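Data block below; observations after.
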Amino acid sequence: MSSLAIVIGAGVNELVAAHYLARAGRRVLVLDERNAPDDAATEIGWIPPRIVRDLGLERQGLAIHRPDPWVAVPLADGGRLELWHDMARSVEAIRRISPRDAAAWPAFCERMKRLARLFEMLYTAPPPDPVGRELGNLARFAALALRVRGLGRQGIEDLLRLLPMSVADLLDDWFEADALKAVLGAAGIMHLRQGPRSGGTAFRLLHHHVGSPVGVFRPSLSNLRRVLPQLPGIEIRRGAEVAGITVRECGVAGVVLTGGEEIPALLVVSGADPRRTLLALVDPGWLDPDVVRAVWRIRCRGVVARVTLALDREPGFSALAVAPSLDFIERAYDDAKYGRVSRAPFLEARADGAGADGRHRVDVHVQYAPYALADGEWDEARRTALGDLVVKILSQHVPHVGAAVVERSVLSPRDLEDAYGFPEGQAHHVELTLDQALWMRPLPGWARYRTPISGLYLCGAGTHPGGGVSGISGYNAARAIIRDFRRGRCT
Ligand SMILES: Cc1cc2nc3c(=O)[nH]c(=O)nc-3n(C[C@H](O)[C@H](O)[C@H](O)COP(=O)(O)OP(=O)(O)OC[C@H]3O[C@@H](n4cnc5c(N)ncnc54)[C@H](O)[C@@H]3O)c2cc1C
């Protein structure tokens, strides 16, 4: 099996898929439209130990960063609530704002972790097909059923109640302190055009917990983005935009680059989002009209802007969330519902430490900043206003920040689409709502990386399990492809 495999995109999922395919004997060419590797210093998400081991990532210098405290939240009456990897330290911190919540924290963390472990199992394989009759599929269902049963009565009740619930309802069940509920609630709405009172957001809290230690509800950061391109065994061509995927009666036949160069291949693995892959790169005439309509309806609503600050001194935090209460986040969402940038957005700022130039880089996740605005377009004036607002809000909690900013950049969802190819600015390619997750990601019945076109596969963040879990979509896709080779389904 030495014929060429083309992988579209050099993001982490694509590179993980490319390396697994190369290890299975394929000659792999990775094409990315961007001229330079990502300047984003870190990748957010859990990397399963299996991928680290298989690809020898530690030998290549993989460094996983777990900020501690993993989050700090300014409190209304001064001071901060800090949550730590160490359970006892978090309990002590919570006790200062609510002895009742401090008592509930260990049990809450333990119960969430048990559910997250189930998701770890679900995430590291294609989800079983609910109606598939293949032996392997039935065996995976049986294994899943056993794992669910192993949760015990309490765990099964937790799972069934939690999945459709809003994160606000879940947290109101457990806690009373606004700051604690808000910082956990924020994990339920990251990158969603939903608020903490929207159904299904409790699932997103669990999604963020997958792969993290007990009591930590933010994914880790790593230099995976920098390490993967350095691994040998694949060829990467940058500045190579795929303008089209060529299809013939028998399946995929190759790609055409902008500029006209044609590259023949019987296997194409796309990390471009599903809409772009199937409606722009493939001629939709090759697809059933029902499929075309379903792909159009995939929701990719971006609501996050990214502000990057360069400071000339230490910011005084590693991860700071500005989210005083669930009501605050819900009100921030109210603006976005009607196409407005939140007047008081939820912010999460992460500091990277000093760079070679001595400057401290701070990346700020700003939610909600909708892609489509009700009253105009994203222009320089709006970007400037958003940057000013972010610095003003941060300065209210960390007073020296304002004076320390020596440079800043503001990327609206439109800019994220232009710079990184995120559809509608959605970093997860397909909004990770409960109805677009698991075996419904990117579409019901399509969660197994195959497309209706023989030899064309999806491997990006828009496939199961999605964004925030590094490289797993690529890993699962490569395994599905390798299984298909062995069965002679694609050559
Ligand atoms: C700036 C940035 C911010 C992020 N923020 C967050 C965050 O806040 N939270 C979070 O959980 N995750 C975040 N992520 C990670 C992101 O959500 C994805 O999960 C992660 O990037 C892995 O996705 P991927 O490899 O599937 O695709 P991507 O990283 O999107 O890579 C896909 C690549 O394909 C290329 N491409 C697309 N179409 C073509 C084409 N036609 N021809 C050639 N190349 C093409 C694109 O240029 C891109 O380089 C961020 C990533 C970036 C780059």
Checklist outcome for this item: The condition of being of a type in the set (A, V, I, L, M), crowded, with 23+ Cβ neighbours inside 10 Å, in contact with a Pro (Cβ under 7 Å, 6 or more places away or on another chain) and over 30 Å from GLY61 (Cβ atoms) holds, among ALA186, ALA202, ALA182, only for ALA182
Next on the checklist: Every residue in segment 450-485 that is more than 25 Å from GLY254 (Cβ to Cβ) and within 9 Å of the ligand (Cβ to nearest atom), please.
Outcome noted: GLY466, GLY467, GLY468, VAL469, SER470, GLY471
Item to check | Single match in SER470, SER454, SER409 (criterion: more than 22 Å from LEU144 (Cβ to Cβ) and either buried (at least 24 other Cβ atoms within 10 Å of the Cβ) or not polar (S, T, N, Q) (or both)) | outcome: SER470
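Results for (1) within 16 Å of the ligand (Cβ to nearest atom); (2) in contact with a Cys (Cβ under 6 Å, 6 or more places away or on another chain); (3) outside the structural domain of PHE119 (by TED's automatic domain parsing); (4) over 20 Å from LEU266 (Cα atoms), shown as yes or no for each residue.
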position: GLY11; (1), (2), (3), (4): yes, no, yes, yes
position: LEU21; (1), (2), (3), (4): yes, no, yes, no
position: ASP32; (1), (2), (3), (4): yes, no, yes, no
position: GLY56; (1), (2), (3), (4): no, no, yes, yes
position: PRO69; (1), (2), (3), (4): no, no, yes, yes
Checklist outcome for this item: Residue hits (segment 476-485; open to solvent by 10 Å² or more (accessible area, probe 1.4 Å) and either in contact with a Ser or Thr (Cβ under 9 Å, 6 or more places away or on another chain) or in contact (Cβ under 8 Å) with a residue 12 or more places away in the chain (or both)) are ARG479, ILE482, PHE485
Checklist entry - Taking segment 431-444, which residues are of a type in the set (D, E, K, R) and either buried (at least 23 other Cβ atoms within 10 Å of the Cβ) or within 9 Å of the ligand (Cβ to nearest atom) (or both)? => result GLU431, ARG441
Checklist entry - Considering only residues of segment 338-359 that are more than 16 Å from ALA186 (Cβ to Cβ) and either modelled with pLDDT of 95 or more or not assigned by TED's automatic domain parsing to the domain that holds VAL401 (or both), which is nearest to the ligand (Cβ to nearest atom)? => result VAL341
Checklist entry - Is it fair to say ALA447 is in contact with a helix residue (DSSP H, G or I) (Cβ under 6 Å, 6 or more places away or on another chain), under 24 Å from TRP286 (Cβ atoms) and either open to solvent by less than 10 Å² (accessible area, probe 1.4 Å) or away from the ligand (no atom under 16 Å from the Cβ) (or both)? => result yes
Checklist outcome for this item: Residues in segment 131-151 that are open to solvent by 80 Å² or more (accessible area, probe 1.4 Å) and not in a helix (DSSP H, G or I) total 3
Item to check | Qualifying residue in segment 188-201 (condition: among the hydroxyl-bearing types (Ser, Thr, Tyr), under 22 Å from PRO48 (Cα atoms) and under 19 Å from the mean Cα position of the chain (by Cα)) | outcome: no
Next on the checklist: Consider segment 310-320. How many of its residues are under 14 Å from GLY353 (Cβ atoms) and either within 11 Å of the ligand (Cβ to nearest atom) or of a type in the set (A, V, I, L, M) (or both)?
Outcome noted: 3
Checklist entry - So, in segment 1-13, of the ones that are in a strand (DSSP E or B) and more than 10 Å from ALA478 (Cβ to Cβ), which residue ends up least open to solvent (accessible area, probe 1.4 Å)? => result ILE6
Item to check | Entirely in segment 14-95, the strands (runs of 3 or more DSSP E) that have 2 or more residues that are touching a residue at least 24 places away in the same chain (Cβ under 8 Å) and closer than 30 Å to GLY254 by Cα | outcome: 27-32
Next on the checklist: I'd like the residue in segment 61-102 that is modelled with pLDDT of 95 or more and among the acidic types (Asp, Glu) and, out of all such residues, is least open to solvent (accessible area, probe 1.4 Å).
Outcome noted: ASP101
Next on the checklist: Can you say whether GLY421 is at pLDDT below 95 and closer than 21 Å to GLU241 by Cβ, as far as the supplied structure shows?
Outcome noted: yes
Item to check | Failed condition for LYS392, given (1) within 20 Å of LEU309 (Cα to Cα); (2) buried (at least 17 other Cβ atoms within 10 Å of the Cβ); (3) charged (D, E, K, R); (4) modelled with pLDDT of 95 or more | outcome: (2)
Next on the checklist: I need the full set of residues from segment 398-430 which are away from the ligand (no atom under 16 Å from the Cβ) and outside any loop (DSSP other than H, G, I, E, B), in order please.
Outcome noted: VAL401, GLY402, ALA403, ALA404, VAL405, VAL406, GLU407
Checklist outcome for this item: Residue count, segment 346-397, condition of a type in the set (A, V, I, L, M), part of a strand (DSSP E or B) and more than 22 Å from GLU330 (Cα to Cα), comes to 3
Item to check | Members of segment 412-426 found to be under 20 Å from ARG297 (Cα atoms) and open to solvent by less than 30 Å² (accessible area, probe 1.4 Å), listed by number | outcome: PRO413, GLY421, PRO423, GLY425, GLN426
Checklist entry - Picking from PRO413, PRO442, which residue would you name as being in contact with a helix residue (DSSP H, G or I) (Cβ under 7 Å, 6 or more places away or on another chain) and either assigned by TED's automatic domain parsing to the domain that holds GLY466 or of a type in the set (A, V, I, L, M) (or both)? => result PRO442
Item to check | Flag for GLY239 being within 11 Å of the ligand (Cβ to nearest atom) and surrounded by 19 or more Cβ atoms within 10 Å (Cβ to Cβ) | outcome: no
Checklist entry - Which numbered condition trips up VAL214, out of (1) within 13 Å of the ligand (Cβ to nearest atom); (2) open to solvent by 30 Å² or more (accessible area, probe 1.4 Å); (3) hydrophobic (A, V, I, L, M, F, W, C); (4) touching a helix residue (DSSP H, G or I) at 6+ places or on another chain (Cβ under 6 Å)? => result (1)
Next on the checklist: Conditions first: (1) more than 16 Å from the ligand (Cβ to nearest atom); (2) more than 13 Å from PRO315 (Cα to Cα). ALA369 passes all but one, so which condition is the exception?
Outcome noted: (1)
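The values are calculated or read from the model by the stated rules, or taken from the named source; none is laboratory data. Just so it is clear, the structure is predicted and the values come from calculations on it, not from any experiment. Every residue, glycine as well, gets a Cβ built from its backbone with ideal geometry; the counts of neighbours run over all protein chains shown. In case anyone asks, the SASA skips ligands and DNA or RNA and just uses the protein heavy atoms, side chains included. Shrake-Rupley method; radii C 1.70, N 1.55, O 1.52, S 1.80 Å.
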